[in-house]
1. Convex hull over the alpha-carbon atoms of the stretch 8-76: what's its volume per residue in Å³?
2. Report, in whole Å, the centroid distance computed from the Cα atoms of the stretch 39-66 and the stretch 97-123.
3. What's the long-distance tail for the stretch 25-127, i.e. % of Cα pairs beyond 18 Å?
4. Report the extension gain between residue 67 and residue 21 in nm, rounded to one decimal, defined as 0.36 nm multiplied by the number of residues separating them, less their alpha carbon distance.
5. How do the peptides 35-41, 99-105 rank, highest first, by the average count of neighbouring beta carbon atoms within 10 Å per residue?
């Protein structure tokens, strides 16, 4: 490696920035996603220093960022691929996400139907109360919103109260 070659930390940081900008995600959201998804704590300021090549990255943080950005650590240490390969990769990621979303929709509909059936039948809920006693408001899939701290998405009932986490 020549002295003029950028360090692996600088290459990694530049790749993080390029992907983050390409996706259109702010530093704060990426930091929250890294912590929520991979359990590595990184502040937006630490990410900014990393992206600018002013801070080295630890192995745990590199793995967490690569996972959130749907990349292998090794890929993050190479220059960006040509646009055609980037497009193909993005199309594949959309396909995978679409499949997961369809599975989640199916699971949600099944659970909703099962809950509705229990509510109608008045089946014992296991807590000493029948299912027709004081039910929480139904969850509305259309009320899917992002919570205020940049964490995972959550379901909210008709009154805007959080009811369950998804993600």
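Quick note: the coordinates plus some simple rules give every number you see, no bench work behind them. A quick note: this is a predicted structure, and the numbers were derived from the prediction, not measured. Cβ sites come from the backbone with ideal geometry, for glycine too, and all protein chains shown count toward neighbours.
1. Once divided by residue count, the hull of the stretch 8-76 is 69 Å³.
2. The distance from the Cα centre of the stretch 39-66 to that of the stretch 97-123 comes to 38 Å.
3. Roughly 65 percent, once rounded to a whole number.
4. Full extension from residue 67 to residue 21 adds 14.9 nm.
5. Ranking, from highest mean packing down: 35-41, 99-105.
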